[in-house]
Amino acid sequence: MAAGVPPDAVGRRVACGTDYGTVRYVGSVSSTAGIWLGVEWDDPQRGKHDGSYEGTQYFKCRHPKGGSFVRPNKANFGVDFLTAVKDRYGLNDKQDVAYGTGNTVVFGTKAVEFVGMDSVAEQQRQLNKLVDISVRECAVSHAGQEEEISRTCANMRHINLSKNLISSWETVITIASQIQNLETINVSENKMRFPSTSTSISSAFSKLKILALNQTQITWTEVLLCAQGWPVLEELYLSSNNITVLERPDKILETLKLLDLSDNQLLDGNQLHLIAQLPRLEQLILRNTGISSIHFPDVAFGCKTKMFPSLKRLAINDNKISQWSSINELDKLPSLRALQCSNNPFMGTEKNPETLIQLIIAKISQLEVLNNCEILPAERRGAELDYRKIFGKDWLEAGGHWNPEKNKPSEEFLAAHPRYPALCLKYGPPEEGELKARQPLTLKNQLLTLTIKCPEKPEQKPVEKKLPESMTIQKVKGLLYRLFKIPGSELKLSYESSKLEGKEVELDNDLKPLQFYSIESGDCVLVRW
């Protein structure tokens with residue numbers, strides 16, 4: 001092997017400047033002199049060919065122009081973990097390193113002053129203070145000498161190893177096994193090889209709670225194999241890994257509270273059924289996973305599914321969900337409290353964004369947070385009352401009725417509006433005055449021109465007033481107290497309409513708006529006290 005080329009070079013990760021790749025070939029090339037490295041680049045635009053040169057195929061690439069040859073002296077095979085830590089935190093053996101003003105270096109947020117840093121014992125003391133370390137983009141490729149990490153960095157708990165040159169999960173195990181109380185590790189953006197068959201379970205991750213494996217090319221099958229060594233894991237981040245098919249975990253990941261599968265194009269929404277029995281899963285992130293529907297077939301509407309028993313927070317934004325039926329299904333989740341669902345086609349079915357939010361709130365009974373905004377009790381009440389009114393005519397036409405004995409809405413209506421019966425139980429069925437067709441909200445049709453008379457006080461001349469149709473009876477009474485200077489009496493209101501042929505309709509509910517009673521411009525409000 002040429003000088004500077006490690007014996008296990010094929011399969012190793014390398015960096016050339018800011019470009020990352022994997023070594024696929026080491027050796028001579030055609031008529032050229034010396035040793036070359038055949039590299040498959042992470043960014044295909046960095047390459048020139050598919051691994052062939054002058055008719056000879058030296059290695060294979062996924063992309064037809066993803067590969068090229070480089071000289072070994074141009075490739076960085078990386079450094080060991082401890083060297084990267086010392087370089088990153090200014091604790092290496094070089095005496096010309098500037099430690100900042102006053103010979104200080106910052107650990108987290110605490111500045112530590114150094115005296116006599118040439119002392120090995122002092123260097124050791126400072127390394128032992130490291131608890132939360134980041135060596136992101138520090139070209140870490142291997143663990144280093146056996147047990148050196150455990151002798152030097154005994155107190156590490158949280159490590160960021162993202163975007164380095166780690167090429168094998170075994171390297172991560174070797175590093176982690178030397179850190180006794182490791183709780184968090186981020187190895188994202190390292191294209192690694194993972195075990196494809198069951199191996200002996202390492203105790204390296206016996207206390208690990210948070211693991212990030214974004215952009216590592218891991219498959220779900222490999223996740224399940226490795227997960228046997230994650231007995232207390234609570235958070236697992238797996239975005240951008242080309243995971244398309246899931247499998248059911250068997251006696252593993254039972255402590256998992258958060259799972260991030262975003263930016264993986266799942267085969268279909270039914271894949272979710274395979275992870276639906278994770279007993280403690282509270283947060284599931286499915287952003288941009290390509291799912292077009294969600295369905296929990298084990299129970300009918302109005303019942304709670306046994307799937308995802310602990311799920312409180314769900315993110316399904318940036319997907320292809322086009323039918324409201326998937327939103328109806330989410331009401332089956334027994335613990336759901338927070339939902340993110342923006343950028344889905346179903347949201348284009350309603351032009352008014354406020355109405356859209358109301359529909360989602362009304363359809364999912366226990367929701368407390370929607371798209372990161374808290375749902376206040378008054379907002380929920382308003383959304384549910386409006387939902388009950390908006391679809392009231394559809395309910396009547398589908399067989400709904402104010403008389404419970406005659407109330408038999410069709411299966412089609414109940415499938416589209418599964419919460420409608422519950423809302424009728426909660427607030428009562430919609431009354432006829434509530435079922436007027438919605439008109440565009442212009443100022444002209446918001447204001448009612450009404451004549452106000454006092455039939456028992458002939459000395460009071462009739463008054464014409466323009467009142468908003470949304471004004472409650474209570475507020476109308478307040479206006480009339482001031483208008484007629486009535487001393488604290490109990491007002492009784494009714495109205496007459498030419499359409500009612502002399503019949504008076506009592507305005508008897510102070511909390512209802514004028515429009516509830518189907519009052520129209522030109523009608524006459526009668527005031528008695």
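The values are calculated or read from the model by the stated rules, or taken from the named source; none is laboratory data. From a predicted model like this one, the values you see are computed outputs, not experimental measurements. Here Cβ is always computed from backbone atoms with ideal geometry, including for glycine, and neighbour counts include all displayed protein chains. These area figures cover heavy atoms from the full protein model, side chains too; ligands, DNA and RNA do not enter into them. Shrake-Rupley method; radii C 1.70, N 1.55, O 1.52, S 1.80 Å.
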Over the range 54-80, the set of residues more than 22 Å from PRO6 (Cβ to Cβ) and surrounded by fewer than 20 Cβ atoms within 10 Å (Cβ to Cβ) is GLU54, GLY55, THR56, GLN57, ARG62, HIS63, PRO64, LYS65
Scanning the range 492-515 for residues that are touching a Leu at 6+ places or on another chain (Cβ under 7 Å) and either farther than 21 Å from THR449 by Cβ or assigned by the TED database to the domain that holds PRO430 (or both) gives none
Discussion item. Can you confirm whether LEU37 is open to solvent by less than 50 Å² (accessible area, probe 1.4 Å) and not in a helix (DSSP H, G or I)?
Written reply: yes
Screening LEU311, LEU267 for residues that are among the aliphatic types (A, V, I, L, M), touching a strand residue (DSSP E or B) at 6+ places or on another chain (Cβ under 8 Å) and more than 19 Å from LEU211 (Cβ to Cβ) leaves only LEU311
Going through the range 200-253 in order, the residues found to be among the acidic types (Asp, Glu) and open to solvent by 60 Å² or more (accessible area, probe 1.4 Å) are GLU247, ASP250
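Going residue by residue through the range 171-182, is there one that turns out to be touching a His at 6+ places or on another chain (Cβ under 7 Å), within 14 Å of ARG13 (Cα to Cα) and surrounded by 18 or more Cβ atoms within 10 Å (Cβ to Cβ)? Give the derivation first.
Of the residues in the range 171-182, the ones touching a His at 6+ places or on another chain (Cβ under 7 Å) are 171.
Within this subset, residues satisfying the condition of being within 14 Å of ARG13 (Cα to Cα) are 171.
Restricting the remaining residues to those that are surrounded by 18 or more Cβ atoms within 10 Å (Cβ to Cβ) gives 171.
Yes, the range 171-182 contains at least one residue that is touching a His at 6+ places or on another chain (Cβ under 7 Å), within 14 Å of ARG13 (Cα to Cα) and surrounded by 18 or more Cβ atoms within 10 Å (Cβ to Cβ).
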Residue hits (the range 307-351; at pLDDT below 95 and of a type in the set (D, E, K, R)) are GLU350, LYS351
Taking the range 309-350 and keeping residues closer than 19 Å to GLN283 by Cα, part of a loop (DSSP other than H, G, I, E, B) and open to solvent by less than 10 Å² (accessible area, probe 1.4 Å) leaves LEU311, ILE316, LYS332, LEU333, LEU336, CYS341
Of those in the range 133-157 that are farther than 18 Å from THR216 by Cβ and in contact (Cβ under 8 Å) with a residue 40 or more places away in the chain, the residue surrounded by the fewest Cβ atoms within 10 Å (Cβ to Cβ) is GLN145
Evaluate the range 250-270: report whether one residue or more is of a type in the set (S, T, N, Q) and not in a loop (DSSP other than H, G, I, E, B).
yes
Those residues of the range 254-273 which are open to solvent by less than 40 Å² (accessible area, probe 1.4 Å) and out of contact with any Lys or Arg (no Cβ under 9 Å at 6 or more places or on another chain) amount to LEU259, ASN264, LEU266, GLY269, GLN271, LEU272
Requiring at least 3 residues that are within 23 Å of ASN264 (Cα to Cα), the helices (runs of 4 or more DSSP H) wholly within the range 129-231 are 220-226
Query raised in the report: Would you say THR305 is open to solvent by less than 10 Å² (accessible area, probe 1.4 Å), part of a loop (DSSP other than H, G, I, E, B), under 26 Å from ILE218 (Cβ atoms) and touching an Asp or Glu at 6+ places or on another chain (Cβ under 8 Å)?
Result: no
Sole miss for ILE360 among (1) buried (at least 18 other Cβ atoms within 10 Å of the Cβ); (2) at pLDDT below 95 is condition (2)
Considering the range 2-26, residues that are free of Cβ contacts under 8 Å to residues at least 60 places away in the same chain and surrounded by 15 or more Cβ atoms within 10 Å (Cβ to Cβ), and then whichever is farthest from the chain's Cα centre (by Cα), we arrive at VAL26
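Among the residues of the range 1-31, write down those that are polar (S, T, N, Q), at pLDDT 90 or above and over 15 Å from VAL140 (Cα atoms). Can you show your working first?
Applying the first criterion (polar (S, T, N, Q)) to the range 1-31 yields 18, 22, 28, 30-31.
Then drop every residue that is not at pLDDT 90 or above, which leaves 18, 22, 28.
Scanning the range 1-31 gives a single hit, SER28.
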Of the listed residues (SER262, SER203, SER188, SER240), the one being more than 23 Å from the chain's Cα centre (by Cα) and hydroxyl-bearing (Ser, Thr, Tyr) is SER203
| task | Inspect all residues belonging to the range 379-400 and state whether any of them is open to solvent by 50 Å² or more (accessible area, probe 1.4 Å) and in a loop (DSSP other than H, G, I, E, B). | result | no
Pairs returned, first residue in the range 364-378 that is open to solvent by 90 Å² or more (accessible area, probe 1.4 Å), second residue that is at pLDDT 95 or above and not polar (S, T, N, Q), beta-carbon separation under 6 angstrom, 6 or more apart or interchain, are GLU368/ARG337
